[in-house]
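Note sheet for the following structure.
The values are calculated or read from the model by the stated rules, or taken from the named source; none is laboratory data. Note that the structure is a prediction, hence the values are computed from the model and not measured. A quick note on method: Cβ atoms are made from the backbone with ideal geometry, for glycine too, and the neighbour counts reach across all protein chains shown. Areas reflect the complete protein model, heavy atoms only, side chains present, ligands, DNA and RNA absent. Shrake-Rupley method; radii C 1.70, N 1.55, O 1.52, S 1.80 Å.
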Amino acid sequence: MNNQTLLPLAILLFVFAAWFVFHYAKRNTSCVITLLSIISFGLGSAAVALLPIDLSYASTSISSHESTDDDGIGNNSDIDIEDDTDVSQNNPTYLPWQITYWTTFFLAWLVLPITRETLLSGHFTLRQRLKDGIAISIKGIFLMILMGVVAVIGMAIHLQSIRLVQTVLPVLMALGNTYGLVLVSLLLGNGL
């Protein structure tokens, strides 16, 4: 898989996302909401499409680094993938993954919640609604961070362990996935 195949795939995914949004959106949906929906669906599709490509690249990369013993049995203990020059130079999916990850992160934590709260605000001017949407979103993010910290501390006390990798990190990953699923459910309910 090379860079020439990733660009047509990205174009195809965003064309499909645009068709999907235009087909299922109400006719009076604003252009901003339609554009945000197309970007969100397109990036979600990009992550789903990049995963098998990246896994196939990783499996071929690891198999090319395998060494054999004298008896011909593969020995994976000598593999040191970190010896490669730079991950971004060797993996054609590195830049698309970075773009997909950070754009989705920015959309999920800032743009979509602020847009949702701005649309739900009862103020009359755009400036007041935007100010109210930002304030409510910041309160919501602060509450989620606070609940996450309390949950991690409570779990560490309950398990009588503060091993970051074995205990805390999986909880943070689960909280991140839960937040994403809840946000998707809320936004789908409002047509975003």
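Annotations for the structure displayed:
- In region 91-110, the residue that is modelled with the lowest pLDDT out of those that are assigned to a loop (DSSP other than H, G, I, E, B) and polar (S, T, N, Q) is Asn91.
- Single condition Thr29 does not satisfy, out of (1) among the hydroxyl-bearing types (Ser, Thr, Tyr); (2) touching a residue at least 40 places away in the same chain (Cβ under 8 Å); (3) part of a helix (DSSP H, G or I): (3)
- Of all residues making up region 47-59, the number that are within 13 Å of Tyr94 (Cα to Cα) and either open to solvent by less than 20 Å² (accessible area, probe 1.4 Å) or β-branched (Val, Ile, Thr) (or both): 2
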